[in-house]
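Remarks on the structure that follows.
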Amino acid sequence: MYLLFTKTLKYVIFTQMKKINLGLIGLGTVGAGVLKIFDKNKALIENKLGVSLDIKKIADLDIKTPRGVEIDPKKLTVNAEDIISDPDIEIVISLVGGIHPEQEFILKSLKNKKHVVTANKALLAKCGKEIFDTAFENNVRICFEASVGGGIPLIRSLGEGLAANRIQSIFGIVNGTANFILTKMRDEKKNFKAALNQARELGYAEADPTLDIEGIDTAHKLCILSSMAFGQPIPLEKIFCEGISHINSFDIEYAEEFGFCIKLLAIAKDTEKGIEVRVHPTMLPKEYMLSSVDGVFNAV
């Protein structure tokens, strides 16, 4: 999980700090997952970075429900302000989700000269300019590797490794839920509803799967990727977006007959007329690289 905040930690190390205090806001599924992996890999991370790490405080409205991870009760608080205003906490990991109040948590943390880590692609897609401007004004970092592609190091690759390259286009499968559904419809001949229900049972789909199946989550991620790739803000509302809820078994069957498979793609191109960005189901030849990306896996 160190991919979430390694870059920020290295930045802080250069200030010759021997110990780094972290604050975690949001103790849902993702937040609890961060704690589990942090506990498991703490020694490994500290050894690689050469500093001592401590999650000093953890904030959530519900601090009573068991999370499947051991937590010191003294570190728990129901007030995010206890983290945001704590002068000893250098990095805030904000995993609340949604727009509000996470936007306010992040902006106030940045203004308090704290580095921030977030996985909130919807917030960055809608309010990214204000957040990045605030980080720049306060000489701190906003890190968001986990917002796109899960464990794939896309953000750092675009921001650093490919910084000298002119990127002409992006094609990607960046929503595991939609990809899982389409894979089950093809391989197991399930109809859309049955495949969606299976995704729910396995925990891949939310109770309300609208963001995933209507392409909205994919559009959020494409907004971030294309803005970084092409060096200019891409308004979320300008992205053409079509989901997979209308795909039926006949579509899958006929695509198969002609040697194609259907994938929900995020597509961005730098054209002579400007930046073209769109999300929609796409028929891909079976020999095409992205055609072999199945289940909940992503690829760009």
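The values are calculated or read from the model by the stated rules, or taken from the named source; none is laboratory data. Here the structure is a predicted model, which is why all the values come from computation and not from measurement. Virtual Cβ from ideal backbone geometry, glycine too; neighbours counted across all protein chains shown. For the accessible areas, the whole protein counts, side chains as well, though only heavy atoms, and no ligand, DNA or RNA atoms are used. Shrake-Rupley method; radii C 1.70, N 1.55, O 1.52, S 1.80 Å.
At a Förster distance of 45 Å, what's the computed FRET efficiency of D133 paired with F250, Cβ-Cβ distance as r, to 0.05?
Numbers: r = 49 Å, r/R0 = 1.08.
Given R0 = 45 Å and the Cβ-Cβ separation, E is 0.40.
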>> Leaving out ligands and nucleic acids, and using a 1.4 Å probe, what accessible area per residue does segment 42-82 come to in Å²?
In response: 64
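Take the solvent-accessible surface of the protein heavy atoms, probe 1.4 Å, and return the percent of it on segment 19-111 that carbon and sulfur atoms account for.
Values: 2560 of 4630 Å².
Carbon-and-sulfur percentage of accessible area, whole number: 55.
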> Counting pairs of alpha carbon atoms under 8 Å apart in space and at least six apart in sequence, what relative contact order in percent does the chain give?
Replying inline: 16
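Once you keep just the Cα pairs under 8 angstrom separated by 6 or more residues, what percentage relative contact order results for segment 70-222?
Details: 150 pairs, mean separation 25.8, N = 153.
The value is 17 percent.
May I ask you to list the trypsin sites (Lys or Arg not before Pro) in segment 98-145 that are in a DSSP loop and have at most 15 other Cβ atoms within 10 Å of their Cβ? List each step's numbers first, then the result.
Details: sites: K108, K111, K113, K114, K121, K126, K129, R141; in loops: K113, K114, R141.
Those that pass, being in a loop and sparsely packed, are K113.
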>> Taking θ = phi - 60°, what integer Hz values does the Karplus form 6.51 cos²θ - 1.76 cosθ + 1.60 yield along segment 49-56, in sequence order, with x for Gly and Pro?
In response: 8, x, 9, 8, 10, 8, 7, 6
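Say the cut-off is 20 Å between C-alpha atoms; which of K238/K273; K19/K57; K126/K221; K121/K273; K64/K108 go over it? Spell out each step's value before the answer.
On the way: K238/K273 15 Å; K19/K57 15 Å; K126/K221 11 Å; K121/K273 27 Å; K64/K108 26 Å.
Where the Cα-Cα span goes over 20 Å, the pairs concerned are K121/K273; K64/K108.
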> What FRET efficiency comes out for the pair M289/E160, r = Cβ-Cβ distance, R0 = 35 Å, nearest 0.05?
Replying inline: 0.90
> On average, how much accessible surface per residue is there in segment 208-300, in Å², for a 1.4 Å probe, leaving out ligands, DNA and RNA?
Replying inline: 52
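When the accessible area of segment 136-269 is split by element with a 1.4 Å probe, what percent falls to carbon and sulfur? Don't skip to the end; give the middle numbers.
On the way: 3430 of 6610 Å².
Result for segment 136-269: 52 percent of the exposed heavy-atom area is carbon or sulfur.
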> Using the Cβ atoms and a cut-off under 11 Å, what net charge is assigned to the surroundings of S291, where Lys and Arg are +1 and Asp and Glu are -1?
Replying inline: +1
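FRET efficiency for D88 and R200, Cβ-Cβ distance as r, R0 = 45 Å, nearest 0.05?
On the way: r = 42 Å, r/R0 = 0.93.
With a Förster radius of 45 Å, E is 0.60.
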> Of all DSSP beta bridges in the chain, what percent run antiparallel (nearest 5)?
Replying inline: 45
> For Cα Rg over 2.2 N^0.38 Å, the listed values are (i) 1.11; (ii) 1.00; (iii) 1.06; which was obtained by calculation from the structure presented?
Replying inline: (iii)
> Between segment 35-85 and segment 132-210, what's the alpha-carbon centroid distance in Å?
Replying inline: 25
